[in-house]
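Have a look at the structure below before the remarks.
Bear in mind that the values in this text are calculations on the coordinates, not laboratory data. Since this is a predicted model, take the numbers as computed values, not measurements. Don't worry about glycine lacking a Cβ; one is built from the backbone with ideal geometry, like all the others, and counts go over all protein chains shown.
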Amino acid sequence: MANTDRYTQHVDSIQPTPDEVSAFRNLDIAFLEKDASWPPLLLNYIYRWMHRHNLYHVGTSRVGIFSALIDSIVRRTSLPPTEPYKSALASKCSALIRESTLQWKSDCLLIRRGYGFSKHTLLKTAWAAQEESFQQAESTLFRSLPQFEHCGMNVIVAAAGGEEKRGADVPLCRSTKKQRTD
């Protein structure tokens, strides 16, 4: 039982909170400096993204999901959507993903599969039990952001969870992201 608790505690520790929206809106760009610490609520959002998309490494096969993470953070925060800021965020996120993956591997939350990592079976079970409620909470919380205020629930959930989750061909609200054609 104690073994299962570790996985459940990890998932519970990254659940969305009502404070996320204001924390994202008031994010100070100083956190992008190399040695600056991550705001805890932004960490939780990134960790949820990592688990939702199995983003445990940043490489050519994962570049689309990684880019979507960066775009998602920029959309939810007050960060200017310029290349220097996006590049700094991408660099910092890449390092975080690498460090977190190694730590979670050490904590037995992830297991090595071939050249990559995947969730341990018990983490996969704990994540599956919470994922839908996390998406619903995120959609409710982020509905108050100006770029999502006119969108329906399906669009907000898609923005929080990735386009492949919603299974639609229409672009997200006010998204400037180019749609894939393959």
Charge sum, other residues only, whose C-beta stays under 15 Å from GLU99's C-beta, Lys/Arg counted +1 and Asp/Glu -1: +2
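What does the extension gain come out to for ALA95 and ASP19, with contour length at 0.36 nm per residue minus their alpha carbon separation?
Working: separation 76, 0.36 × 76 = 27.36 nm, distance 2.51 nm.
Between ALA95 and ASP19, full extension yields 24.8 nm more.
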Region 83-127 versus region 26-66: alpha-carbon centroid distance in Å: 10
Radius of gyration and maximum dimension Dmax of region 14-94, Cα, Å: 12.1, 34
Rg [Å, one decimal], Dmax [Å, integer] - region 52-106, C-alpha atoms: 11.6, 36
Residues whose placed amide H lies under 5 Å from that of LEU110, excluding near-sequence neighbours: LYS105, HIS120
Approximate spin-label separation SER78-THR125, in nm, with each point projected 7 Å along Cα-to-Cβ: 4.4
